[in-house]
Structures are given as C-alpha cells and as structure tokens.
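Each remark here refers to the structure printed beneath this line.
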Amino acid sequence: MDNFFVVDHPLIKHKLSIMRNKDTGPKEFRELLNEITLLLTYEAARKLPVMDVDVETPIQTTKGFMVDDKKVAIVPILRAGLGMLDGVLSLVPNASVGFLGVFRDPDTLKPVEYYVKFPTFTDEHQIFILDPMLATGHSMNHAIDVVKKHGGKNITVMSLISAPEGIKVVHEKHPEIEIYTASLDEKLNSHSYIIPGLGDAGDRLFRTK
Ligand code: URA
C-alpha cells in the first residue's frame with residue numbers, strides 16, 4: 001500500500017501485545033502508548049527538514065544539523081489522541097499543539113465535531129494528526145479536512161492500530177497523506193470496532209468503562 005507504513009519493530013510488537021491484553025490497566029496502557037508513540041515518531045519524523053548550522057566542538061568548528069521543531073504542529077484528536085501527545089512532544093518539544101474534538105455518532109457512525117483550537121498553520125509546518133485507532137477513517141478524514149481548511153499542507157497521520165477500511169477511506173480522499181501505524185489489524189466488526197484491536201482506546205486510557 002502506498003503511503004502506509006507499519007513500524008513493526010520487535011519492541012513495538014511486544015508493547016502493543018501488552019496493550020491489547022484486556023487485563024492491562026490504565027497506568028500501564030498510558031505508559032505503553034506513550035512509549036510506542038515515541039518509537040513511531042522516530043520513523044514518522046524521518047522527512048523533517050534539517051537546517052545546516054556550524055557547531056563549535058571543543059576541538060574545531062564542524063557542520064551540524066538542526067530540526068526547526070517550531071515548524072512542527074501536533075493535532076491529537078480528542079480524546080484518545082491525547083494519549084499519544086506526550087510521546088511526540090518528548091521528541092519535538094517546541095511543536096505547536098492544536099486540539100480537535102470529534103466523536104462518533106453512535107447511530108450514524110459519522111464524526112461530530114465539538115471543539116477546535118488550532119495554532120496558525122503555514123505551508124512550512126509539518127503537521128502530525130494523532131489518533132490511536134484508525135477505524136472507519138471518517139474522524140480522521142474530518143480532521144484532515146479541518147487541518148487543510150486552516151492552512152495545513154504537509155500532514156502525516158500517526159495511529160497505533162489501523163483497520164484496512166480506515167486506510168482506504170483516508171487514502172481515497174487524501175492519497176498524498178502518509179500514515180504511520182504500529183499494526184495493520186484484520187478488519188472492523190459490525191460496531192466499527194477494530195478486530196482484534198484493543199477495545200475502546202479512550203475508555204482504556206481514562207477508565208471510563
Ligand atoms: N475506536 C476505538 O477506541 N477502538 C476501536 O476499535 C475503534 C475505534
């Protein structure tokens with residue numbers, strides 16, 4: 001699949017397997033999501049532009065490279081995307097953060113927006129949209145539409161688990177967008193949950209069930 005990358009490192013597989021376990025509690029679940037996000041970010045940020053700088057070592061001046069992380073923006077989709085925010089911020093601490101609240105209407109399964117608070121996006125910004133579960137792809141498409149409407153151009157999606165249906169929906173509308181994920185799961189069930197998945201990521205992060 002074009003523009004779709006499964007980062008299937010042994011450490012990620014190990015950590016994700018613990019997250020999938022229904023007996024894993026919220027503390028460990030949050031810690032593992034944070035750790036996996038860090039590892040995903042390492043790959044997803046591979047194309048960030050670097051600036052040439054001169055660095056004075058104790059011996060001589062040499063050529064160095066710096067990422068301008070002020071040109072990075074992170075958009076976690078509330079609420080489960082919050083579980084991935086710190087993982088990205090720990091590697092790009094000066095990034096701007098925009099918040100987008102979307103929930104899935106239980107009857108129509110369509111995204112309903114309830115909160116938007118974005119920084120100003122420029123052509124130069126690299127924007128990472130975060131949602132641990134890329135399921136139907138409708139919330140993600142909505143998020144991409146809103147980010148584009150606010151001027152965002154260079155967008156990368158990061159998810160923990162993706163369903164083939166969700167990737168198809170996103171890439172039908174936004175084929176240029178790169179999706180980084182820790183696992184491509186089998187499919188969606190009749191309630192649009194990812195199987196095998198890990199259940200409801202928001203509920204497991206915040207113990208709401
Ligand atoms: N959202 C979740 O939290 N889990 C799924 O399986 C699908 C959507």
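List of remarks:
- Scanning the stretch 22-43 for any residue that is modelled with pLDDT of 95 or more, closer than 22 Å to Lys149 by Cβ and within 16 Å of the ligand (Cβ to nearest atom) turns up nothing.
- Elements of the type strands (runs of 3 or more DSSP E) sitting completely within the stretch 26-93 and holding at least 3 residues that are buried (at least 16 other Cβ atoms within 10 Å of the Cβ): these cover 72-78.
- One residue stands out among those in the stretch 140-154 that are buried (at least 21 other Cβ atoms within 10 Å of the Cβ) and among the β-branched types (Val, Ile, Thr): the one that is farthest from Ser183 (Cα to Cα), which is Val147.
- Checking each residue in the stretch 154-173 for being within 16 Å of the chain's Cα centre (by Cα) and of a type outside the set (A, V, I, L, M) picks out Asn154, Thr156, Ser159, Ser162, Gly166, His171.
- Test: Val112 is more than 16 Å from the chain's Cα centre (by Cα), under 21 Å from Asp2 (Cβ atoms) and not basic (Lys, Arg): no
- Tallying residues that are in contact (Cβ under 8 Å) with a residue 40 or more places away in the chain and under 15 Å from Gly81 (Cα atoms) within the stretch 132-146 yields 8.
- Residue match in the stretch 127-139 (condition: at negative phi, loosely packed, with under 15 Cβ neighbours inside 10 Å and more than 13 Å from the ligand (Cβ to nearest atom)): no
- Checked against the criterion of being buried (at least 19 other Cβ atoms within 10 Å of the Cβ) and either β-branched (Val, Ile, Thr) or closer than 28 Å to Glu35 by Cβ (or both), the candidates Val157, Val116 yield just one match: Val157.
The values are calculated or read from the model by the stated rules, or taken from the named source; none is laboratory data. Only a predicted model underlies this, so the values are computations on that prediction, with no experimental measurement involved. Positions of Cβ are backbone-derived with ideal geometry, glycine not excepted, and every protein chain shown enters the neighbour counts.
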